[in-house]
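To start, the structure itself, in structure tokens.
The values are calculated or read from the model by the stated rules, or taken from the named source; none is laboratory data. Owing to the predicted nature of the structure, the values given are computational and were not obtained by experimental measurement. Quick reminder, even Gly has a Cβ in these numbers, built from the backbone with ideal geometry, and neighbours come from all protein chains shown. Accessible surface areas use protein heavy atoms only, side chains included; no ligands, DNA or RNA. Shrake-Rupley method; radii C 1.70, N 1.55, O 1.52, S 1.80 Å.
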Amino acid sequence: MLNKIKIWKNQNNSSTLRDKIEEIKKLPVPEHVAIIMDGNGRWAKKRALPRVAGHHEGMKVVRKTTMLANELGIKTLTLYAFSTENWKRPKNEIDFIMKLPEEFLDTFLPELVENNVQVKMMGYKDQLPVHTLNAIEKAINETKDNTGLVLNFALNYGSRAEIIDAVKEVLIDYKSGIIDEKDLDEETFSSYLMTSDFSDPDLLIRTSGEIRLSNFMLWQLAYSEFWFTDVLWPDFREEHLLDAIESFQKRQRRFGGI
Ligand code: V07
């Protein structure tokens, strides 16, 4: 028995990533994890690289994070890839970022399919370049029957605009008699949001030391646990996701006690 325990430890007698994953899988994991992937520009600046190098490195981290989330049994992973405010950035940076979905999918779509991951997107599609949207819609279509992790990209997404648009839809349905004033409760209103297919996030992660929501899922995050880290998104590793989930599980245990 002791021998068996020993082989799980590495030479420093510290626990390995594998140990940590197995520990975390023993307790309930958050169903829906949302991440604000911040700090890509800062990561590049620290290395005297162009900002786009940070975005490119950040894309690789998306792949690793997705695979681990899938293995842990997380049901939905929502990643804030591009906000409605991000159009204010220099054109060359936007052009580069808008090629990332294609590059990501050219490289990783087969792996996503193999791992039963379903790709989704929420956000305002009209303003996206056609080449970007085509690549994403192809991936959504090719993975639509997959039953594993839902990988939901928030792209050209903004929460206040989403809420205003939901209100407008409610008004239209009110005018046409589909909905009555007394029917409008939180659950009904949620069904008008872009996230109508998903449960609310249980855990929000934001990297890079900023402690704010930046117009991300304002309605949906009302009851979520928040986990902020100074780690820049391109430096975010498996152990950081595991730390965030471990912290979530500890909080759940404290509140579940009574
Ligand atoms: C983007 C890399 C991650 C850090 C944050 C900003 C830059 C992956 C995607 C993506 C999107 C849709 C899809 C497949 C992949 C992506 C944008 C930016 C706009 F179906 N990374 N990544 N999209 N960054």
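Structural descriptor for the chain: relative contact order 27 percent, calculated from alpha carbon pairs under 8 angstrom and at least 6 residues apart. Annotation: amide H-H contacts under 5 Å for Phe226 (H modelled 1.01 Å from N, sequence separation of 5 or more, or interchain): Leu204. By accessible area, using a 1.4 Å probe on protein heavy atoms only, the stretch 1-146 has 53% of its surface on carbon and sulfur. In the full protein context, the stretch 137-186 carries 63 Å² of accessible surface per residue, based on a 1.4 Å probe and ignoring ligands, DNA and RNA.
Extents of the chain, largest first, come to 71, 52, 36 Å (Cα atoms, principal axes, whole angstrom). Whole-Hz Karplus values for the stretch 206-223 come out as 10, 8, 6, x, 8, 9, 7, 9, 6, 6, 10, 6, 4, 5, 6, 8, 3, 10 Hz, taken residue by residue from phi with 6.51 cos²θ - 1.76 cosθ + 1.60 and θ = phi - 60°; glycine and proline positions read x. Computed about its Cα centre, the charge dipole of the chain is approximately 1280 debye, with only Lys, Arg, Asp and Glu carrying charge at their Cβ. Shape annotation for the stretch 141-258: C-alpha extents along the principal axes are 52, 43, 32 Å, from largest to smallest.
Of the accessible area of the stretch 170-213, with the probe set at 1.4 angstrom, what percent is carbon plus sulfur?
On the way: 1340 of 2760 Å².
Summing carbon and sulfur atoms, their accessible area is 48 percent of the total for the stretch 170-213.
Here the Karplus curve 6.51 cos²θ - 1.76 cosθ + 1.60, taken at θ = phi - 60°, turns the phi angles of the stretch 67-77 into couplings of 5, 5, 4, 5, 4, 6, x, 5, 8, 9, 10 Hz, with x standing for Gly and Pro. For the stretch 87-99, putting each phi into the Karplus relation 6.51 cos²θ - 1.76 cosθ + 1.60 with θ = phi - 60° gives couplings of 5, 6, 6, x, 4, 4, 5, 5, 4, 5, 4, 6, 8 Hz, in residue order, rounded to whole numbers and with x for Gly and Pro. Using the Stokes-Einstein relation with a Kirkwood hydrodynamic radius computed over Cα pairs, the translational diffusion coefficient of the stretch 138-183 at 4 °C and a viscosity of 1.567 mPa s comes to 95 µm²/s.
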